[in-house]
Amino acid sequence: MKADKNLNKTRNISYTGLFSSLALTLFKLFAGLLGNSTALLADAIRSFSELINELVKLLDLFIASKPEDWGHNYGHGKVATLFTGAGACVLLFAGVQSVTLASGELLMFMQGKETGTPEIFALLAAALTLISKEIVPLFSRKSGKQAEGISSEIYHYTRNVHIRSLLLSCLVTLGIGCTFIPGKNWAIADSFIAVILSLYLLGTSSRLLYSTANELIEASLDEENNLKIREIINRTEGVTGSGELKTRRIGNGIAINACIMVSSSLNIQEVAEIANLVEERLKADYGQGIYTLIKAEPSPERNCFFQKKVMISKEGKKKIVL
Ligand SMILES: [Zn+2]
């Protein structure tokens, strides 16, 4: 019952985030177009990236977190990865458009040509979104934060995201506001901020694309995690050493294929218990949803490869695959 309640709560939060980022994207887009502000247009793309983020969260909740079935033995985690990649492509395209538009305006200004300046309406729209989206929630979050009991790691991560968002919104409002200061040179502040924001968006989409591509080509986990996994395996009682280790990411989860060495005097039952223990230890650290495949080989040292399975069993050596 409690889990259901939590799930409903998460869905509500996700739907609220989804609709607010959709509304913000459209509002900034129209205000940017009508108010003639490139910075606000670039900020609309930033809200669009938040919309993609919310959509991935919902997708994760409904599809990616579904357990494995006969057609998808490793679960559905890659659905969210695929969608993130598609979203990052759209974001990259929008970022390129935005940086082209803004740098074109900068170039025109440098050549001494007349560029359009934002209307007061754009400044009001930017100030309104800054107050309603960034400043008001900042105060309401302060009071409700501890009661939810979220982990400090997630809290710090979300806090950093909010601070970054607040700074960027301030920058946009400031950029548009500067164009109203008397003096010809201030007119370019809007385009200048738009270039900065567009470059930030290009960086974000490139990073997203890189991590998505890496996951789709089955990149292994980072060195630190691989070392940690090997350490957990080697520390398990009954394990005398470890051989090949293969790791990869599947959505929010991971998959581990490992080869452990055990004493050759053990029987099959004992070896199976050691392999189970290794799996339990790994799941205790990385979550119950991870995929593990532990192969056991007798000590002493012998290289072990998963591909050698058939060849080795022909030789009649003791070998257990679990
Ligand atoms: Zn399926």
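Structural remarks
- For region 174-287, the helices (runs of 4 or more DSSP H) that sit wholly inside it and include 2 or more residues that are within 29 Å of Gly87 (Cα to Cα) are 189-216, 223-235.
- Meets criteria (more than 16 Å from the ligand (Cβ to nearest atom) and under 22 Å from the mean Cα position of the chain (by Cα)) for Val56: yes
- Evaluating Leu174 against the criteria (1) within 29 Å of the chain's Cα centre (by Cα); (2) surrounded by fewer than 19 Cβ atoms within 10 Å (Cβ to Cβ) leaves one unmet condition, (1).
- Yes/no for Lys184 being of a type in the set (D, E, K, R), modelled with pLDDT under 85 and more than 27 Å from the chain's Cα centre (by Cα): yes
- Residue list for region 66-109, filter: small (Gly, Ala, Ser) and within 16 Å of the ligand (Cβ to nearest atom): Gly71, Gly75, Gly77, Ala80
- Asp4 vs. criteria more than 16 Å from the ligand (Cβ to nearest atom), acidic (Asp, Glu) and modelled with pLDDT under 90: yes
- Qualifying position, being hydrophobic (A, V, I, L, M, F, W, C), away from the ligand (no atom under 16 Å from the Cβ) and at pLDDT 80 or above, among Ile63, Ile131, Ile135, Ile150: Ile131
- Test: Ala23 is more than 16 Å from the chain's Cα centre (by Cα), away from the ligand (no atom under 16 Å from the Cβ) and in contact (Cβ under 8 Å) with a residue 24 or more places away in the chain: no
The values are calculated or read from the model by the stated rules, or taken from the named source; none is laboratory data. All figures in this text were calculated on a predicted structure; none of them were measured in a lab. Counting neighbours? That spans all protein chains shown, and the Cβs are built from the backbone with ideal geometry, glycine included.
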